[in-house]
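Below is one structure, written out as structure tokens, with a few remarks after it.
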Amino acid sequence: MTLHEIKQRLQGHLSDGLVLVVGSGLSCAEGLPGMGELGSHLRSSVPAALTGDDVAAWSSIAALIGTKGLEGALLEQPPSQEIEARIVTETGNLVLAREKAVIEQVFSGRTTLRITKLIKHLLKPNTGLPIITTNYDRLVEIGLEEAGVGVDTLFTGRFAGTINEVFSRFSFCTGFKGRGKAQSLTFRNRAMVYKPHGSLDWYLRNGKPVCYGGELGTDVPRLIITPGRNKFRTGYDSPFDVHRSRANDAIDKASRFLILGYGFNDDHLETHLSPAIRQGKPTLMMTFELTQKARAMALELPSVIAMDRTLQDGIEGTRIIADRTETILPHQSLWDVNHFIREVL
């Protein structure tokens, strides 16, 4: 397949019925921390607030992080409620600080987020473009609004938002079209953003979720699901359950997928996403480095195209897997959204 033919196939993928799945890789490309950096941050910051048996318990977890990674450590030795609360607080602090720096760059005009550039090339159905992200940060939401696309997170209210799908949907209504019985509502371009792992602006107040854009103290805990066994249990509480359910509905109804920086390591999504891909729904994966699971699917399924970065003999390029065959494209960076937009769209 020639480079021209590859680009034609990539262009043809972005059509009706598309669902975006966004993982941490896209946020890392904008400057946010990955799992390795988060693990290092937790090892140094969590112990300061612990007392009693939690000190020794965290010491064991911290030692495991060095050999098994953050998620592996928390799976092998589940944290106490106090340790888990500290993990949530410190994770939020790190991601929030880095997110703030990126947002300042965006608002000052020094950078444009990849999702802002990409969304302009995607079809926006009247029901909203579904975007599923496991990221806590709000770069997807900010990137969409920077592109003039509304963001429906199922919360309604600007200052103390509550989860209400109906009110949220109608907040994007712009009027009517047609006449008589043929009248129908019109909506502005919007994306449905589903966050099954929570968001930096979700908090728990009196047992119910509230959406608040500012930063609060520990009396009002942030609603994010951190790695480990507790991830699966907490995922069935509100509002995670609603977002997980809507995300899986979107996956089931999708005609095709665009998957950016996602490693296929999330139990909440994998019960629907991988089976849908294996059913033959066309899928385009773009990431810095394919996980073993992602690469295996690309080599097994002709409906999957996958691209990641290569470095051979000091020459950077793109590894593309299409039609179950690997091809190296030296001096091409199509795996990166910025280059993909510039070279393909």
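Just so it is clear, none of the values below were taken in a lab; they were calculated from the coordinates. Just so we're clear, the structure is a prediction, and the values are computed from it rather than from any experiment. As a convention, Cβ positions derive from the backbone with ideal geometry for all residues, glycine included, and neighbour counts pool all protein chains shown.
Of the cross-linked pairs Lys195/Lys253; Lys100/Lys208; Lys7/Lys117, which ones have a Cα-Cα span greater than 22 Å in the structure shown? List each step's numbers first, then the result.
Numbers: Lys195/Lys253 18 Å; Lys100/Lys208 26 Å; Lys7/Lys117 18 Å.
Listed pairs above 22 Å: Lys100/Lys208.
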| query | Hey, what did the range 62-152 get for relative contact order, percent, Cα under 8 Å, at least 6 apart? | reply | 24 percent
| said: Under 25 °C and 0.890 mPa s, how fast does the range 32-125 diffuse according to Stokes-Einstein, given a Kirkwood radius computed over C-alpha pairs? Answer in µm²/s, whole number. | reply: 160 µm²/s
| How big is the charge dipole of the range 168-222 about its Cα centre, in debye rounded to the nearest 20, if each Lys and Arg gets +1 on its Cβ and each Asp and Glu gets -1 on its Cβ? | 540 debye
| query | Using the alpha-carbon centroid of each, what span in Å lies between the range 285-327 and the range 261-279? | reply | 17 Å
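Suppose every Lys and Arg Cβ carries +1 and every Asp and Glu Cβ carries -1, with no other charges. What dipole size does the range 193-329 come out with about its Cα centre, to the nearest 20 debye? Write down the numbers at each step before the final one.
Numbers: 18 positive and 17 negative charges, 83 e Å.
Result for the range 193-329 is approximately 400 debye, rounded to the nearest 20.
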| field | Along each principal axis, Cα extent of the range 171-312, largest first, Å | value | 53, 52, 28
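Can you give the FRET efficiency to the nearest 0.05 for Thr327 and Glu82, using r as the Cβ-Cβ distance and R₀ = 51 Å?
Numbers: r = 51 Å, r/R0 = 1.00.
Given R0 = 51 Å and the Cβ-Cβ separation, E is 0.50.
About the Cα centre of the chain, what is the dipole size in debye to 20, counting +1 per Lys and Arg Cβ and -1 per Asp and Glu Cβ, all else neutral?
Working: 39 positive and 38 negative charges, 289 e Å.
That gives a dipole near 1380 debye.
Just to be sure I understand: of the beta bridges DSSP finds with both ends in the range 132-261, what percent are antiparallel, rounded to 5? Intermediate results must be reported in sequence, preceding the final value.
Details: 13 of 17 bridges.
Approximately 75 percent, going by the DSSP bridge assignments.
Determine the sum of side-chain charges near Glu300: Lys and Arg each +1, Asp and Glu each -1, restricted to other residues whose C-beta is under 13 angstrom from that of Glu300.
Details: positive: Arg278, Lys293, Arg295, Arg324; negative: Asp323, Glu326.
Net charge around Glu300: +2.
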| field | Percent RCO, i.e. relative contact order, over the chain, from Cα pairs under 8 Å lying at least 6 residues apart | value | 18 percent
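Please compute one quarter of the surface area of the Cα convex hull for the chain and express it in square nanometres. List each step's numbers first, then the result.
On the way: hull surface 79.2 nm².
Mean shadow area of the hull around the Cα atoms is 19.8 nm².
Would you compute, from DSSP H runs of 4+ residues alone, the mean residue ellipticity of the chain at 222 nm, taking -39500 (n - 2.57) per run and dividing by the full residue count, rounded to the nearest 500?
Mean residue ellipticity, 222 nm, calculated: -12500 deg cm²/dmol.
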| Of Gly157, Gly36, Gly109, which has the largest mean-square fluctuation in a 10 Å C-alpha GNM of the chain? | Gly109
| field | Within the chain, percent of DSSP bridges classed antiparallel, to nearest 5 | value | 55 percent
| request: Between beta-carbons, use under 15 Å as the cut-off and find the net charge around Phe155, counting Lys and Arg +1, Asp and Glu -1. | output: +3
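Just add up the charged neighbours of Lys117: K/R +1, D/E -1, any other residue whose Cβ is under 10 Å from the Cβ of Lys117.
With Lys, Arg at +1 and Asp, Glu at -1, the neighbours total +2.
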| task | Compute the separation of the alpha-carbon centres of the range 54-99 and the range 118-169 and state it in Å as a whole number. | result | 30 Å
| Using distinct alpha-carbon pairs, which all enter the 1/r mean, Kirkwood radius of the range 165-219 in Å | 14.4 Å
| request: Let me have the relative contact order for the range 1-159, percent, based on Cα pairs under 8 Å that are six or more residues apart. | output: 33 percent
